[in-house]
Amino acid sequence: MRFLARAHQMPVRMIVGAFIVNSGMSKLKGGDEAAEQTHAMAKTAYPVLESRNAQEFTRMLGTFELALGSALMVPLVPSVLAGAALTAFSGGLTGLYLRTPGMREPGGLRPTQQGIGLAKDSWLVGIGTALVLEELGRARDERCTRR
């Protein structure tokens, strides 16, 4: 079973990975005000984060984004693993979009002007899921071929 990145997966992994690395670097370079804003939005959607220190939370988030983005860009990281991590992370971002007031038009999923940036993160769910499903499908096909 071969789970390493395939050549056709690398363009999307590189682009998404670079975007996430940039986001992580921005969080790590941002000041106290940026950390407060990031934390305020996160704790609105996920109240369990209320007790976290804003700077600590933002530093941890930025560090995680650096690790995730790097994992996506390194072909030696199996696509199933990178895709699963991307799906989990982007699922949290999608939850942020769905739970934050003012991000969606009333009574639906359509984003408001303010929500477009977060709504676009739903594409990452699709990309991560596609990476995982492709690798699981290939593994299943290889098992069936050997029988």
Task: Under 18 Å from the Cα of Lys29 - aspartates and glutamates, other chains or at least 8 residues apart - done: Glu56, Glu65
- [ ] Determine, from the Cβ-Cβ distance of Ala34 and Arg99 and an R0 of 30 Å, the FRET efficiency 1/(1 + (r/R0)^6), rounded to the nearest 0.05.
- [x] 0.90
- [ ] Using R₀ = 30 Å, calculate the FRET efficiency as 1/(1 + (r/R₀)^6) where r is the Cβ-Cβ separation of Leu109 and Thr145; round to 0.05.
- [x] 0.15
Open item on the list: I need the phi-derived Karplus couplings for the range 12-29: 6.51 cos²θ - 1.76 cosθ + 1.60, θ = phi - 60°, integer Hz, Gly and Pro marked x.
Closed with: 6, 5, 5, 5, 5, x, 5, 4, 6, 4, 4, 4, x, 4, 4, 5, 6, 8
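Bear in mind that the values in this text are calculations on the coordinates, not laboratory data. Everything quoted here is computed from the prediction, not taken from an experiment. When we count neighbours, we look across all protein chains shown, and the Cβ atoms used for this are built from the backbone with ideal geometry, even at glycine.
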